[in-house]
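> My structure is below; once you've seen it, I'll send some questions.
The values are calculated or read from the model by the stated rules, or taken from the named source; none is laboratory data. Everything numeric in this text was worked out from a predicted model, so none of it was measured. Note: ideal-geometry Cβ built from the backbone for every residue, glycine included; neighbour counts use all protein chains shown. What goes into the accessible areas is simple: the full protein's heavy atoms, side chains included, and nothing from ligands, DNA or RNA. Shrake-Rupley method; radii C 1.70, N 1.55, O 1.52, S 1.80 Å.
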Amino acid sequence: VDFLQRHHATARELTRRQSTIQKNLEIEMSQFTDSDLRQELRDELRSATVEPLLPIEKKLIAWSLGIGLTLLVVLAVINHLYPPGS
Amino acid sequence: MSNVYVTDIGSRNLAPHRAAEAGARLNEDWLAVILGLTIFVLALAALVHVDLIGWVVSTSVWSNFGQALGPVSKTYASLGGFDALLATYAALTIVLSAAAAALKTDVKRFALAFTAVFWIAYASWIVGNFANFAAVTPAEQQKFGISWSLKLTNEGAYIFALIVGLVIANFLPRFAEAIKDAVRPELYIKIAIVILGGFFAVTAAGKLSFAGSILLRGVAAIVEAYLIYWAVVYFIARKWFGFSREWSAPLAAGISICGISAAIAIGGSIRARPIVPALVSSLVLVFAVIEVLILPFVAQTWLAHEPLVAGAWMGLAVKTDGAAVAAGGITESLILAKNAAEGIHYQPGWILGTAAAIKVFIDIFIGVWAFVLGYIWTNHINVTPDADKAKLKEIWQRFPKFIIGFVITFVVGLYLALGTPADVAKNVPAAIGEANTFRVIFFILTFFSIGVLSNFKALWREGFGKLAAVYLVSLFGFVIWVGLLISWIFFNGITPPLAS
């Protein structure tokens, strides 16, 4: 504040200027991060090596489908036996 | 792995609010419960002849603008339409600004942004209620003195709010960025769903066993979404498209369960980088918009005589809570109108209620499924140190809390309609009807917000097309049709009660 003209300080222009600079910097940084990040993700999606399905994943898929289809059949039978009255 | 946070990507589209909100005590779910319950309780004051929220604005189908707006209750008839609109705007701005403060968002910026969101969204709603767009029956056309109408119904006006939001997102990106603080479809729809619980209770009260049997059929939706959809989409992403496990699990959750919240919950549970579910979520929104614009009209064309199949289908096929429940609302409106034109008058509320019930049933189990996957991932796939393994308490942490609000309003509404003396019970529908007017406004805000967040350019971004391709193949090649089949199996032949 010492080397600023008094009216600048009293009008809080210092704070305003600083915050504007900071805001612009933040915007630039966030754009940098965002575009960098996007490029990184694009590269990752494009060049990712295929991870083969692990036995545990195959089990998860098979059990999910098995239980799911069985439950649906059971529920469909219940639905058929006990239809709701309109 | 880079250290990336949701806000890095969300600054452009999905979650602009999250950074500041991370330190907030309340999250959107709890705020939705508080705000939804507050509106519900205020509405119930009408039961003791104190009309606290009857001033909320309601829009009718109009050909003369002077007749478009009005307060929902006759008690406030002297207020006039525009003053009711102003009062509604002021009340919502104050209440939601307080919510923004609780979320540690900049209140001034929120209030300014909300002002734009409210007026644009509500203006779209008013335009959508213009008789040439909304009038359905020949009698209505005669009443408004018009010779033609698009017959979109008044709830079809949601589409107008959505389209205006889409225009802003895709042609006015700077403006979209400027109002992002108030673009919160998840908050708005959660508040609406809490209020919807009471409305659904009143609808269900007269046909309790029928409503119960519909709710029980919601179990089929849970089985389908978690055990069948997720497994198939995960397989497609991994085997056909060669995605890694980190990408495939949240992607499958987003497509198969309930969009954004599921993608984020599953991403967290398998310890994926937060950017992964954030990117998936932006895709979810774009495809949800496409579904909302297409499926209700498909349902009206082919499922008009199977109204509950249509409602269940919306709940199963349309992703994200907001889009699904709102699609249920549009579908109800379109189907009721088509049936009314044929002389069949179904009771309103059942198609929307079915769509919402299906969605809520699916939401309840997000935490459980996230725990199951988290357990498998941290113990068998990416074995992590004990401290980072999936824990049972995560089920509660990931539980969508707004469902508690839905259950409370449903139970209270049911009690008031069935367990109170006749002179009290007869006033319950009107009281909850006032709260329901707020529900409609939150739907409008949801539709507009979804539009503003849906930047279609994301689909064409180089490198992300493969993600969109999985979504496209899974959604339109599998999820929608299996959802229709299951809805048909469990709901065909069941029709809503006729209006008395």
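> Any residue that is within 14 Å of chain A (Cβ to nearest Cβ) and touching a residue at least 40 places away in the same chain (Cβ under 8 Å) - is there at least one of those in the range B:437-455?
Within the range B:437-455, one or more residues are within 14 Å of chain A (Cβ to nearest Cβ) and touching a residue at least 40 places away in the same chain (Cβ under 8 Å).
> Can I ask one more? Does B:Gly197 satisfy being away from chain A (no Cβ under 14 Å), out of contact with any His (no Cβ under 9 Å at 6 or more places or on another chain), surrounded by fewer than 23 Cβ atoms within 10 Å (Cβ to Cβ) and not β-branched (Val, Ile, Thr)?
No: the conditions fail for B:Gly197.
> Can you name every residue in the range B:237-248 that is part of a helix (DSSP H, G or I), open to solvent by less than 10 Å² (accessible area, probe 1.4 Å) and more than 7 Å from chain A (Cβ to nearest Cβ)?
So the first thing to find is which residues in the range B:237-248 are part of a helix (DSSP H, G or I), and the list is B:237-240, B:245-248.
Still in the list and also open to solvent by less than 10 Å² (accessible area, probe 1.4 Å): B:237-238, B:247-248.
Within the range B:237-248, B:Ala237, B:Trp247, B:Ser248 meet the criteria.
> Kindly check whether there is at least one residue in the range B:485-494 that is among the aliphatic types (A, V, I, L, M), within 14 Å of chain A (Cβ to nearest Cβ), part of a helix (DSSP H, G or I) and open to solvent by less than 30 Å² (accessible area, probe 1.4 Å).
Checked against the condition, which is being among the aliphatic types (A, V, I, L, M), within 14 Å of chain A (Cβ to nearest Cβ), part of a helix (DSSP H, G or I) and open to solvent by less than 30 Å² (accessible area, probe 1.4 Å), the range B:485-494 yields at least one hit.
> Tally time: how many residues in the range B:97-114 are open to solvent by less than 40 Å² (accessible area, probe 1.4 Å), of a type outside the set (Phe, Trp, Tyr) and not in a loop (DSSP other than H, G, I, E, B)?
Looking only at that region, the number is 6.
> If you go through the range B:208-221 one residue at a time, how many are open to solvent by 10 Å² or more (accessible area, probe 1.4 Å) and either small (Gly, Ala, Ser) or facing chain A (nearest Cβ under 9 Å) (or both)?
Of the residues in that region, 6 qualify.
> Right, here's the next one. Which is open to solvent by less than 20 Å² (accessible area, probe 1.4 Å), under 13 Å from B:Leu475 (Cα atoms) and at pLDDT 90 or above, of B:Ala299, B:Ala304, B:Ala317, B:Ala310? First the steps, then the outcome.
Details: B:Ala299 fails: under 13 Å from B:Leu475 (Cα atoms); B:Ala304 fails: under 13 Å from B:Leu475 (Cα atoms); B:Ala310 fails: under 13 Å from B:Leu475 (Cα atoms).
Of B:Ala299, B:Ala304, B:Ala317, B:Ala310, the one residue that is open to solvent by less than 20 Å² (accessible area, probe 1.4 Å), under 13 Å from B:Leu475 (Cα atoms) and at pLDDT 90 or above is B:Ala317.
> Determine if the range B:142-152 includes at least one residue that is of a type in the set (A, V, I, L, M, F, W, C), in a helix (DSSP H, G or I) and buried (at least 24 other Cβ atoms within 10 Å of the Cβ).
Checked against the condition, which is being of a type in the set (A, V, I, L, M, F, W, C), in a helix (DSSP H, G or I) and buried (at least 24 other Cβ atoms within 10 Å of the Cβ), the range B:142-152 yields no hits at all.
> List the pairs whose first member sits in the range A:59-71 and is under 22 Å from B:His380 (Cα atoms), whose second member is surrounded by 13 or more Cβ atoms within 10 Å (Cβ to Cβ), and whose Cβ atoms are under 6 Å apart, counting only residues at least 6 apart or on separate chains?
A:Ile61/B:Ala231; A:Ile61/B:Phe235; A:Ser64/B:Leu227; A:Ser64/B:Ala231; A:Leu65/B:Ala231; A:Ile67/B:Leu227
> Right, something else. Among the residues of the range B:58-96, how many are buried (at least 17 other Cβ atoms within 10 Å of the Cβ), of a type in the set (Val, Ile, Thr) and farther than 23 Å from B:Ala182 by Cα?
Here the count works out to 2.
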